[in-house]
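Please treat every number below as a calculation from the coordinates, not as lab data. From a predicted model like this one, the values you see are computed outputs, not experimental measurements. Reconstructed Cβ throughout: ideal geometry from the backbone, glycine too, with neighbour counts over all protein chains shown.
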Amino acid sequence: MAMEIERKYIVDAGKWHPEDAGLNVVQGYLPASGKTAVRVRIAGENAWLCLKGVNQGPVRSEFEYSIPVSDARQMLDELCVRPFIEKTRHYVSHAGATWEVDVFYGENTGLIIAEIELISEDQEIILPHWIKDEVTYDPRYYNANLVLKPFRLW
């Protein structure tokens, strides 16, 4: 079974400065049961369909498949809930690990989240100086929930 182990953190915008232009990402979610999130993502010239299970702390099942960008655009237009998640993703190396830093815009402007994927739940993490608070266990920060209740409405 494919598993994702991921921790999420708020980024201190005053301490973090992007080193590159990042990759523009648009993603939408198909209506699904409470046990599953079904995401369509376009990032640059690539697209994926992803199914994610229920979080058990930082762990959940994840199945991701590459799809044609034209199919992803059609799914976003015809099948996905609005608003979309719009963000710029930056990849940052720190202490031998790669962090994904997402700068949200659109309905979630003002939110900057850093994620790190782990090999095990108890893997040691050396936090960058620009990390503020951990939000791994706060469901408000799940992208699927940011569609339903965007950051600007908090």
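General remarks:
- Estimated inter-spin distance, Ser61 and Ile126, nm [label 7 Å along Cα→Cβ]: 3.6 nm
- Between the Cα long axis of helix 69-78 and the first principal axis of the chain there is an angle of about 70°, rounded to the nearest 10.
- Förster radius 25 Å - calculated FRET efficiency between Trp154 and Leu118, Cβ distance, rounded to 0.05: 0.35
- Annotation note: chymotrypsin sites (Phe, Trp or Tyr not before Pro) in the stretch 81-145 located in DSSP loop regions with a Cβ neighbour count of at most 13 within 10 Å are Tyr137.
- In the elastic network of the chain, a GNM with C-alpha springs shorter than 10 Å, the most mobile of Asp71, Asp122, Asp20 is Asp122.
- Considering only Gly57, Trp99, Met75, the residue lying farthest towards the positive end of the dipole of the chain is Met75, judged by Cα position with unit charges set on Cβ.
- Length gained on full extension, Val81 to Asn24, computed as 0.36 nm times the residue gap minus the Cα-Cα distance: 18.6 nm.
- In a simple Cβ point-charge model (Lys, Arg +1; Asp, Glu -1; nothing else charged), the chain has a dipole of about 540 debye relative to its Cα centre.
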